[in-house]
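Chemist: Have a look at this one.
The values are calculated or read from the model by the stated rules, or taken from the named source; none is laboratory data. Predicted model, so just to flag it, every value in this text is computed and none were measured. In this analysis, Cβ positions are derived from the backbone assuming ideal geometry, glycine residues included, and neighbour counts consider all displayed protein chains.
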Amino acid sequence: MNIKTIFIAAGFALGLASCDRLLEFEPGDVILAEDAIQSPEDLQRLLVSNYDILANLYGGRVQIVNELRGPNFGIPDNSLDFTAVYNRETTFFTGINGGIYTDFYYAIYRSNVVIDNFELVTELTENDRTRLEAEARFIRALCHWGAVKMYAKPYGYTAANDHPGVPLRTAPSQDPLPRASVGEVYTQVLLDLEYAANNLPETNGPYATKSAAQAYLAQIHFLMEDFQEAADYSASVINSGFYVLDDDLDRFETDIINPETIFGIVSQPNDFRSSWFRDNLRSDNTSNPQLAFSEDFAFFMSLSGAADGRSVWYTSGSRALINRFNEKEYFNIPLAHLTLMHLIRAESLGELNQNLNVAIQDINAIRARAYGAGNNELPEGATNDEIIEAARDEFRKETACEGFWVDQLLRRGASGEAITIRGAPWDCPGMFLQFSNSETTVQGFELNEEGGCL
Amino acid sequence: MFYGQVDGPIFESDSLAQDADSVNTRRNTPSQHSFLSYFGRINYSLKDRYFFQVTARVDGSSRFGRDNRYGFFPSISAGWVVSDEDWFQSPSISFLKVRSSMGLTGNAALPDYARFGTYSAADNGTTYAGDSILYPLQPENPTLRWETSRTVDASIEMGLWSDRLTFELAGYHKYSTDVLMNVSTPASTGFTNFWDNVGTILNRGVELSIKSRNTVGAVQWTTDFNVARNYNELVNIGDYTPDAVSGGTNDSRVIVGRPVGSFYLVEHSHVDSESGLPVYIDLDGNETYDYNNDIRKYVGDGLPEFIGGLNNTVKYKNWDLSALATFSVGAKIFDSSAKRQLGVVSGWNMRTEKLDRWRQPGDEATYPRLTLDETTYSLPSGFPWWNTSLFIYDASYLRLRNLTIGYNIPLDPGSTLQNCRVSINATNLFTVTNFPGLDPEVVRDFENAQDRNMSPNVTYLTPPQERAFTLSVSTNF
């Protein structure tokens, strides 16, 4: 090979290498993943995007779907998706269950990205790192728990809780995962929330706090029928001194964080996050709103008569229209609140048959607000069964439209009580929402059985 | 070497764009991509009757990462004009040629930035509780690479009687691997879809073309005829299910062993003459009243057995007449809008075919009893889309696609006009078909390729092709 050939070959190789730069294009006004997380502020903004998803989920959508699964709502007006949920016949083509499921896992993925990328941010303080991880794990727990309650049979359905739950994702990955067992999901949820409770600050603006984690631990242990833990965690929140029962019955307030709110969704004048309530429940928005209370619920409410301040939350008629959110264009939505803590503690203590005087005080605090001080009180000598019954009555009323009641019925069904929901056994297949159709795109994912509740 | 750079929309894919929309993406910067190609070609002709060609090209695309950026796509072809051989003596065969080629080709039809994991812009304008947010848009896929097709084709061309009659018979076999698709992924990954090399697709076919100069002289009558049979099959799609790739009206899927975009529906059997309820066929072939999405299966496809055309041209003095007829045999159409227009009664306008419905015990009807309640047909609540094979129709047709009669006006030798022609043209004058809908020849109206590819021969209120009459006067100065 002479020198001329070598030069030509070298020139050609150099030409190839330099031309390769002509093939480098990067998207313009979006950020490449490897550049997205560089500062504590980036992590914080990614974390806030999780709260944004929670607001999309709990701005009424999850609450309404859970009420539609239970006995409190009547048949929807004409919404196909609501009807599918109400009739407990969701399929993987039904939009609303697919959307909720997808949003839960958007938030789980982003939480995992936060947790997985601390090493990318060199100037992150240890305090911020701990707080960010605690908030991310708080949200991850809420979403795993929210999903497993809606898409799987409840905790306690099998003795070992080895029945299928939902995919358990604790790291960002594009690999498909099968359903973890319900027991595995609950174990991880508790781990995440315990970490959150131990590491979150006591105040954190509209975001997660130590009390918020404890409030969810109380709710989860309550559904697991770990009544001692439920009572202890709810007591911790009640005794924290950060929250007080509201004087009135309205927890859904505009431009004000209600004093009972332990954790909730924030709406602002230019950022309504409560539209699902407004658009589907308000009886003053339209003469025929999409959703109304069921006859069963209206009858239940009517038993306490007009003396119950909560009786104004509905209107009797062929459809028991919902008034609870009337005249509000937007409002903040409490998700964990002090009323819930009092009622969980009361019922847990009733189940434990201990500290019944505390349980009675819890119930009477709620009743005093509903009926007026001194009216309709639970007597001092009430038995634990009477306390449990009273706690359940108040729970059902106080959380109307908040989507909690169906979980309580499923808990009691799983513990052996003969529960029927709108004429069908509590564990009929369609009670549990079908997964998103995208979950079926890879072989081997176990779908829920459909229908069977009509 | 060739280098091309293109600016355009960020996404070629509606589905990706919609996904991005759903997370409040703002994207205003034009999308860019480039291709860089090196190619060489050697042609060799021996005695004007042996022809060889070898090409080799290396194509690079900005749409792929460094490790997979370039593809090597060689090809080789050879031709032989048999009729030029000294030993070839035939009184009737005036021309005979055979040729064949084989090679690799590449395809990079995917959005420009599909390989990148991306996040929203810092100033995306979305806030929660007054705080700005940052969110992921799409997952990274660094393994994206060229879709590659191995193609082998061959043909024989023949001319008879001084080329009064010529014909060509050609066949091809194309085997595409690493086919690029926008696939749905499990939502639990945190994303719902992304671009990936997932499929293997086989295409093969044969085409016959015949041209006949029937008369020459004062009356010149020429006939062109062609007929083709094409076959398409999804060979492999890895661990994905048929639901992983969708598009169009969402009634067609990718099913291994079937053409891409096959109809994937619940099979309809008949209407029960006693109850008036629809009877379906389950996966085991048994009749059932239970509609369930789990018993969806391949029930047909839009691939025709034959397609072709016949064009006749007659010229006499200054007059000319041409007529082009096209035909398709054996394809099926799924009338996707029928699931609402002939199914559960709703706010949709119903079609008159619904008059052939069950009314009383003993009726043998095409359509089941009327109902406003989807559960009557065993559909899930809130699911009035009665997607069944009942709405699959034979899409065979014969269409007079084009008829033109023209007259070239004689001009004086000194005229400033070079020519002057008057013609009347009619398109789609008539169609012979058993398809009861508007048009058996579906012209897809989707913007993106995957929607089009996934719903061949699916109509959904698709407008028919128009019948048009055109009077033209043309001249050159």
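Chemist: Among the residues of the range B:148-165, are any in contact (Cβ under 8 Å) with a residue 60 or more places away in the chain, crowded, with 18+ Cβ neighbours inside 10 Å and over 25 Å from B:Ala78 (Cα atoms)?
Modeler: Within the range B:148-165 (the criterion being in contact (Cβ under 8 Å) with a residue 60 or more places away in the chain, crowded, with 18+ Cβ neighbours inside 10 Å and over 25 Å from B:Ala78 (Cα atoms)), the answer is no, since none of the residues qualifies.
Chemist: To continue, here is another question. Would you be able to tell me the number of residues in the range A:127-179 that are in contact with a strand residue (DSSP E or B) (Cβ under 7 Å, 6 or more places away or on another chain) and either crowded, with 24+ Cβ neighbours inside 10 Å or within 14 Å of chain B (Cβ to nearest Cβ) (or both)?
Modeler: Final tally of qualifying residues: 5.
Chemist: Determine if the range A:260-278 includes at least one residue that is away from every other protein chain (no Cβ under 14 Å) and over 23 Å from the mean Cα position of the chain (by Cα).
Modeler: For the range A:260-278, residues away from every other protein chain (no Cβ under 14 Å) and over 23 Å from the mean Cα position of the chain (by Cα): absent.
Chemist: Provide a single number: the residues in the range A:127-155 that are free of Cβ contacts under 8 Å to residues at least 60 places away in the same chain and more than 13 Å from the chain's Cα centre (by Cα).
Modeler: Of the residues in the range A:127-155, 3 are free of Cβ contacts under 8 Å to residues at least 60 places away in the same chain and more than 13 Å from the chain's Cα centre (by Cα).
Chemist: Residues in the range B:335-343: is at least one in contact with a Gly (Cβ under 7 Å, 6 or more places away or on another chain) and at pLDDT below 95?
Modeler: Among the residues of the range B:335-343, at least one is in contact with a Gly (Cβ under 7 Å, 6 or more places away or on another chain) and at pLDDT below 95, which makes the answer yes.
Chemist: With the requirement that a residue be within 11 Å of chain A (Cβ to nearest Cβ) and either among the polar types (S, T, N, Q) or within 28 Å of B:Trp386 (Cβ to Cβ) (or both), what does the range B:238-255 give you?
Modeler: Result: B:Tyr240, B:Thr241, B:Pro242, B:Asp243, B:Ala244, B:Val245, B:Ser246, B:Asn250, B:Arg253, B:Val254.
Chemist: Further, regarding this structure: Taking the residues in the range B:74-111 that are under 19 Å from B:Thr143 (Cα atoms), in contact (Cβ under 8 Å) with a residue 60 or more places away in the chain and buried (at least 17 other Cβ atoms within 10 Å of the Cβ) as candidates, determine which candidate is farthest from the chain's Cα centre (by Cα).
Modeler: B:Pro111
Conditions tested, residue by residue: (1) at pLDDT 90 or above; (2) of a type in the set (Val, Ile, Thr).
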| position | (1), (2) |
| --- | --- |
| B:Asp445 | no, no |
| B:Asn448 | no, no |
| B:Asn453 | no, no |
| B:Thr462 | no, yes |
| B:Arg467 | yes, no |
| B:Asn476 | no, no |
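Chemist: Part of a helix (DSSP H, G or I), modelled with pLDDT of 95 or more and not assigned by TED's automatic domain parsing to the domain that holds A:Phe92: which single residue out of A:Asp427, A:Asp407 fits that description?
Modeler: A:Asp407
Chemist: Out of the residues in the range B:62-82 meeting the condition of being polar (S, T, N, Q) and at pLDDT below 95, tell me which one is farthest from B:Ser176 (Cα to Cα).
Modeler: Filtering first and then ranking leaves B:Ser62.
Rundown of residues vs (1) modelled with pLDDT of 95 or more; (2) surrounded by fewer than 24 Cβ atoms within 10 Å (Cβ to Cβ); (3) not assigned by TED's automatic domain parsing to the domain that holds A:Ser287, yes/no style:
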position	(1), (2), (3)
A:Leu43	yes, no, yes
A:Ser49	yes, no, yes
A:Ala55	yes, yes, yes
A:Arg61	yes, yes, yes
A:Gly74	yes, yes, yes
A:Ser79	no, yes, yes
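Chemist: A follow-up question, please. Of all residues in the range A:311-335, how many are out of contact with any Ser or Thr (no Cβ under 8 Å at 6 or more places or on another chain) and basic (Lys, Arg)?
Modeler: 2
Chemist: Against the condition free of Cβ contacts under 8 Å to residues at least 12 places away in the same chain, farther than 30 Å from B:Pro242 by Cβ and hydroxyl-bearing (Ser, Thr, Tyr), how does A:Thr399 come out, does it pass?
Modeler: Taking the combined requirement at face value, the residue does not satisfy it.
Chemist: For residues in the range A:414-433 being surrounded by 17 or more Cβ atoms within 10 Å (Cβ to Cβ) and within 19 Å of A:Ser181 (Cβ to Cβ), which is farthest from the other protein chains (Cβ to nearest Cβ)?
Modeler: A:Ala414
Chemist: Please enumerate the residues belonging to the range B:299-339 that are under 17 Å from B:Arg258 (Cα atoms), crowded, with 17+ Cβ neighbours inside 10 Å and not aliphatic (A, V, I, L, M).
Modeler: Once the filter is applied, which keeps residues that are under 17 Å from B:Arg258 (Cα atoms), crowded, with 17+ Cβ neighbours inside 10 Å and not aliphatic (A, V, I, L, M), the range B:299-339 yields B:Gly300, B:Asp301, B:Gly302, B:Pro304, B:Lys332, B:Phe334.
Chemist: Does the range A:113-126 include one or more residues that are at the interface with chain B (Cβ under 9 Å from one of its Cβ atoms) and at pLDDT 95 or above?
Modeler: Yes, that holds for at least one residue.
Chemist: A further question on this structure: Are any residues in the range B:368-396 in a loop (DSSP other than H, G, I, E, B), crowded, with 22+ Cβ neighbours inside 10 Å and facing chain A (nearest Cβ under 10 Å), and if so, which ones?
Modeler: B:Leu379, B:Pro380, B:Ser381, B:Gly382, B:Phe383, B:Pro384, B:Asn387
Chemist: Scan the range A:24-46 and report the pairs whose first residue is within 7 Å of chain B (Cβ to nearest Cβ) and whose second residue is acidic (Asp, Glu) and in a loop (DSSP other than H, G, I, E, B), with Cβ atoms within less than 6 Å and a gap of 6+ or a chain change.
Modeler: A:Ala33/B:Glu140
Chemist: Let me ask something additional. Search the range B:62-89 for residues being out of contact with any strand residue (DSSP E or B) (no Cβ under 6 Å at 6 or more places or on another chain) and aromatic (Phe, Trp, Tyr), and hand back the single one that is nearest to B:Gly40 (Cα to Cα).
Modeler: Ranking the candidates gives B:Phe64 first.
Chemist: A follow-up question, please. Could you tell me whether the range A:111-126 includes any residue that is outside any helix (DSSP H, G or I), charged (D, E, K, R), touching a residue at least 60 places away in the same chain (Cβ under 8 Å) and over 23 Å from B:Leu134 (Cβ atoms)?
Modeler: no
Chemist: Within the range B:112-134, does at least one residue satisfy the condition of being more than 14 Å from chain A (Cβ to nearest Cβ) and in contact (Cβ under 8 Å) with a residue 24 or more places away in the chain?
Modeler: There is no residue in the range B:112-134 that is more than 14 Å from chain A (Cβ to nearest Cβ) and in contact (Cβ under 8 Å) with a residue 24 or more places away in the chain.
Chemist: To continue, here is another question. Let me confirm something: among B:Gly362, B:Gly343, which residue is farther than 28 Å from B:Thr313 by Cα and within 14 Å of another protein chain (Cβ to nearest Cβ)?
Modeler: B:Gly343
Chemist: Which residues, taken from the range A:369-388, are surrounded by fewer than 16 Cβ atoms within 10 Å (Cβ to Cβ), within 32 Å of the chain's Cα centre (by Cα) and either in a helix (DSSP H, G or I) or among the hydrophobic types (A, V, I, L, M, F, W, C) (or both)?
Modeler: A:Asp385
Chemist: Name the strands (runs of 3 or more DSSP E) wholly within the range B:206-297 that hold at least 3 residues that are in contact with a helix residue (DSSP H, G or I) (Cβ under 9 Å, 6 or more places away or on another chain), buried (at least 16 other Cβ atoms within 10 Å of the Cβ) and on the phi > 0 side of the Ramachandran plot?
Modeler: Output list is empty.
Residue-by-condition table, conditions (1) in a strand (DSSP E or B); (2) under 30 Å from A:Ala107 (Cα atoms); (3) out of contact with any Gly (no Cβ under 6 Å at 6 or more places or on another chain):
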{"site": "B:Val58", "(1), (2), (3)": "yes, no, yes"}
{"site": "B:Arg63", "(1), (2), (3)": "no, yes, yes"}
{"site": "B:Ser90", "(1), (2), (3)": "no, no, yes"}
{"site": "B:Phe95", "(1), (2), (3)": "yes, no, no"}
{"site": "B:Val98", "(1), (2), (3)": "yes, no, yes"}
{"site": "B:Ser101", "(1), (2), (3)": "yes, no, yes"}
{"site": "B:Asn124", "(1), (2), (3)": "no, yes, yes"}
{"site": "B:Pro142", "(1), (2), (3)": "no, yes, no"}
{"site": "B:Gly159", "(1), (2), (3)": "yes, no, yes"}
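Chemist: Could you list, in sequence order, all residues of the range B:180-217 that are of a type in the set (Asp, Glu) and within 13 Å of chain A (Cβ to nearest Cβ)?
Modeler: B:Asp196
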